[in-house]
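As structure tokens, the structure follows; a few thoughts come after it.
The values are calculated or read from the model by the stated rules, or taken from the named source; none is laboratory data. Note that the structure is predicted; figures quoted are calculated from it, not measured. Backbone-built Cβ (ideal geometry, glycine too); neighbour counts: all protein chains shown.
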Amino acid sequence: MALLTVEGLVFDYPGNRALHGVSFTLEPGAITALVGPNGAGKTTLMRCLAALERPSAGRVVIEGVDLSEDPRHCHRFLGYLSDFFGVYEQLTVRRCLLYRGLSQGMTMAEAEKATLKAAERVGLSDRLDQAAGTLSRGLRQRLGIAQAILHDPRFVILDEPASGLDPEARDDLSTLLRGLRDDGMTFLVSSHILAELSDYATEMLLLSDGRLIEHRRVEDDEGEAAGTVALQITLSEPKENFGDLLQGLLAEQAGAVVRGADTLSALVRIPADQQARHALLAGLLAADCKVSEFAVREADLQSLYRERLVRERAGGSSKEVRS
Ligand SMILES: Nc1ncnc2c1ncn2[C@@H]1O[C@H](COP(=O)(O)OP(=O)(O)OP(=O)(O)O)[C@@H](O)[C@H]1O
């Protein structure tokens with residue numbers, strides 16, 4: 001059974017539809033990166049999943065239970081950390097966690113036990129008596145995560161957990177999330193920092209203008225891309241029918257795909273050998289294309305994201321040249 005099923009989710013702010021019928025499922029054990037440009041609807045979607053907003057239409061089912069019918073039941077299964085969460089600056093880490101546990105209805109004994117466990121899970125056991133307001137940004141983020149997982153939820157939603165963290169703290173966050181996932185938690189994590197997300201994400205959900213335009217396993221792309229590389233081509237002057245020209249040039253190359261093209265740029269996948277690249281560049285120059293960039297992109301989340309957005313903006317699906 002899917003851990004989370006989202007069906008036709010619509011959300012309206014006054015005069016502004018933020019989600020247009022979003023549907024997807026998440027399987028247990030996934031760490032799903034929720035990505036998309038500013039204003040795409042990521043926070044709105046996460047707030048709907050955490051039952052902090054009531055959608056205008058559609059439904060969210062967590063472990064077989066409809067969120068709108070039994071939000072309290074669902075809250076036991078999910079933890080949520082908002083992008084601008086607060087901590088009680090004057091309270092110690094221990095008291096912040098105890099307070100959270102008690103406010104969730106735990107007894108003092110349960111809250112104490114949960115506090116020690118959560119602190120240990122996020123690596124704050126040696127900070128229990130430090131005031132929350134004196135924690136570094138990275139440690140404060142860990143406290144936020146400890147608060148979100150205090151009740152041992154199966155599903156955890158983190159909105160921009162890496163924002164404002166330095167590279168070392170982001171590395172620590174990746175390690176922490178992978179460890180919690182190995183403990184059985186499923187994550188939905190939004191971020192603008194795609195490079196870090198690709199360290200731990202197993203799936204990617206791409207939202208654009210309130211619509212889900214891609215849901216894929218990150219590993220799948222590595223499989224699909226075996227033996228090929230993603231290549232970004234940029235022109236300094238527009239070329240009419242650039243996509244068709246590329247299709248023609250790549251027609252003889254097994255595995256080559258035009259992922260998206262407009263008159264000034266294109267993303268293609270071509271065989272990973274130098275010959276294929278040389279032949280394509282020679283063909284473009286012979287066709288009088290003013291090539292200003294011809295660069296291999298790493299097959300990471302960032303290139304998947306760009307590739308998909310370019311395809312979306314170019315108006316549709318990728319064109320398979322030859323498989
Ligand atoms: N309280 C609100 N009232 C009206 N419109 C809102 C409100 N909050 C968000 N919106 C609009 O809803 C859309 C989705 O916003 P949302 O914050 O969910 O996007 P986001 O993907 O999280 O963006 P960002 O990456 O900038 O945080 C945007 O057009 C935004 O302007």
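Figures for the structure shown
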quantity: Positions within region 136-150 being assigned to a loop (DSSP other than H, G, I, E, B) and either among the hydroxyl-bearing types (Ser, Thr, Tyr) or surrounded by fewer than 20 Cβ atoms within 10 Å (Cβ to Cβ) (or both), in sequence order; calculated: Ser136
quantity: Region 1-19, subset within 11 Å of the ligand (Cβ to nearest atom) and touching a Cys at 6+ places or on another chain (Cβ under 8 Å), residue nearest to Ala201 (Cα to Cα); calculated: Leu19
quantity: Matching residues in region 123-144 - criterion: being touching a residue at least 24 places away in the same chain (Cβ under 8 Å) and farther than 12 Å from Cys96 by Cβ; calculated: Gly123, Ser136, Arg137, Gly138, Gln141
quantity: Whichever residue in region 20-37 is more than 16 Å from the ligand (Cβ to nearest atom) and aliphatic (A, V, I, L, M) and, among such residues, is surrounded by the most Cβ atoms within 10 Å (Cβ to Cβ); calculated: Ile31
quantity: Residue within region 56-76 that is among the polar types (S, T, N, Q), within 8 Å of the ligand (Cβ to nearest atom) and exposed (fewer than 15 other Cβ atoms within 10 Å of the Cβ) present; calculated: no
quantity: Any chance Gly86 is at pLDDT below 90 and either surrounded by fewer than 16 Cβ atoms within 10 Å (Cβ to Cβ) or not hydrophobic (A, V, I, L, M, F, W, C) (or both); calculated: yes
quantity: Within region 18-45, tally of residues that are assigned to a strand (DSSP E or B), over 15 Å from Asp209 (Cα atoms) and among the hydrophobic types (A, V, I, L, M, F, W, C); calculated: 4
quantity: Subset of region 51-66 [touching a residue at least 40 places away in the same chain (Cβ under 8 Å) and in a loop (DSSP other than H, G, I, E, B)]; calculated: Glu53, Pro55, Ser56, Glu63, Gly64
quantity: Hey, Cys48 away from the ligand (no atom under 16 Å from the Cβ) and in a helix (DSSP H, G or I) or not; calculated: no
quantity: Matching residues in region 1-17 - criterion: being out of contact with any Asp or Glu (no Cβ under 7 Å at 6 or more places or on another chain) and in a strand (DSSP E or B); calculated: Leu4, Thr5, Val6, Glu7, Gly8, Leu9, Val10, Asp12, Tyr13, Asn16, Arg17
